[in-house]
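The values are calculated or read from the model by the stated rules, or taken from the named source; none is laboratory data. Computed from a predicted structure; not experimentally measured. Ideal geometry is used to build each Cβ from the backbone, glycine not excepted, and the neighbour counts take in all protein chains shown. Surface areas here come from the heavy atoms of the whole protein model, side chains and all, with no ligands, DNA or RNA. Shrake-Rupley method; radii C 1.70, N 1.55, O 1.52, S 1.80 Å.
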Amino acid sequence: MAKRLALNPDICYMLGVHACNRRAQTAVVTAVGSDALVERFVKIAVQQLGIEPSKILIRDLGTRKSAFFYNSKLRKHLDNALEREEHIFKYRNEYSASYFAALFDCNGVTGKGGTFIGRLSALDSLTLERLGFHTLTKRGRCYIANSLDFMLFIKPFSVAIAHQPGYEQDPC
């Protein structure tokens, strides 16, 4: 593996997953009935990051599933990339859309109370502001004021939006 990760939208998505839970393992936990998030996680880990499929552990947690792997060298590369986050995600492009799609897929909710991402770091909130998405943090949740614009921004990369009613893919 190189000194730095070669960034592409899939790697940026994995950076977002890693930013959601900075632990010893790189992991994702699905919402109720959503296996698509685990599938995307495994696909990126195997195809883009070179993780052997046998090293990825998938557990059934009843109503949810989790998938994770341990790789200290990759974790170090992901942490180093996140240190440059404000430089990597300073433009409204597919890299930042993919990163914030992962954050939304892991900790985001949209509903009658608004659209928010839970446990969003202050730097991520500031980055969203710089990208033109107005945020308000209340009770550990970062609410996005212009949520429709945000949803359209992350839609091509978000697993959660692809499986929500009202945000179906266009038939064209």
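Can you tell me how many residues in the stretch 67-84 are among the polar types (S, T, N, Q) and open to solvent by 60 Å² or more (accessible area, probe 1.4 Å)?
Taking the stretch 67-84 and keeping what is among the polar types (S, T, N, Q), we get 71-72, 80.
Retained after the next criterion (residues that are open to solvent by 60 Å² or more (accessible area, probe 1.4 Å)): 72, 80.
Final tally of qualifying residues: 2.
Within this structure, Ile117 passes the test of being hydrophobic (A, V, I, L, M, F, W, C), without any contact (Cβ under 8 Å) to a residue 40 or more places away in the chain and under 17 Å from Ala160 (Cα atoms). Look through the stretch 18-48, keep the residues that are in contact with a helix residue (DSSP H, G or I) (Cβ under 6 Å, 6 or more places away or on another chain) and farther than 24 Å from Ile117 by Cα, and return whichever of them is most open to solvent (accessible area, probe 1.4 Å). So the residue we want is Gln48. In this structure, Asp35 does satisfy being acidic (Asp, Glu) and farther than 17 Å from Leu123 by Cα.
Results for (1) hydroxyl-bearing (Ser, Thr, Tyr); (2) without any contact (Cβ under 8 Å) to a residue 40 or more places away in the chain, shown as yes or no for each residue.
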position: Leu57; (1), (2): no, yes
position: Thr63; (1), (2): yes, yes
position: Phe69; (1), (2): no, no
position: Leu82; (1), (2): no, no
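Do we find that Arg139 is open to solvent by 30 Å² or more (accessible area, probe 1.4 Å), at pLDDT below 95 and more than 29 Å from Val42 (Cβ to Cβ) in this structure? Let's see the steps before the verdict.
Working: open to solvent by 30 Å² or more (accessible area, probe 1.4 Å): yes; at pLDDT below 95: yes; more than 29 Å from Val42 (Cβ to Cβ): yes.
It is true that Arg139 is open to solvent by 30 Å² or more (accessible area, probe 1.4 Å), at pLDDT below 95 and more than 29 Å from Val42 (Cβ to Cβ).
Right, Asn146: more than 25 Å from Glu39 (Cα to Cα) and surrounded by 12 or more Cβ atoms within 10 Å (Cβ to Cβ) or not? Yes: the conditions hold for Asn146.
Just to be sure, is Tyr143 over 28 Å from Ile51 (Cα atoms), outside any loop (DSSP other than H, G, I, E, B) and touching a Gly at 6+ places or on another chain (Cβ under 7 Å)?
Details: over 28 Å from Ile51 (Cα atoms): yes; outside any loop (DSSP other than H, G, I, E, B): yes; touching a Gly at 6+ places or on another chain (Cβ under 7 Å): yes.
Here the answer is yes, as Tyr143 does meet what is asked.
Scanning the stretch 49-66 for residues that are outside any loop (DSSP other than H, G, I, E, B), loosely packed, with under 11 Cβ neighbours inside 10 Å and not hydroxyl-bearing (Ser, Thr, Tyr) yields Pro53, Asp60.
So in the stretch 85-105, with the set limited to residues that are in a helix (DSSP H, G or I) and hydroxyl-bearing (Ser, Thr, Tyr), which one is most open to solvent (accessible area, probe 1.4 Å)? Outline the logic, then answer.
Going residue by residue through the stretch 85-105, those that are in a helix (DSSP H, G or I) are 85-88, 94-105.
Next cut, hydroxyl-bearing (Ser, Thr, Tyr) only: 95-96, 98-99.
Values: Tyr95: 69, Ser96: 0, Ser98: 0, Tyr99: 1 Å².
Here the residue is Tyr95.
Inspect the stretch 114-125 for any residue being more than 15 Å from the chain's Cα centre (by Cα) and not in a helix (DSSP H, G or I) and give the result as yes or no. Yes, the stretch 114-125 contains at least one residue that is more than 15 Å from the chain's Cα centre (by Cα) and not in a helix (DSSP H, G or I). Across the stretch 126-136, the number of residues qualifying as in a helix (DSSP H, G or I) and open to solvent by 40 Å² or more (accessible area, probe 1.4 Å) comes to 3.
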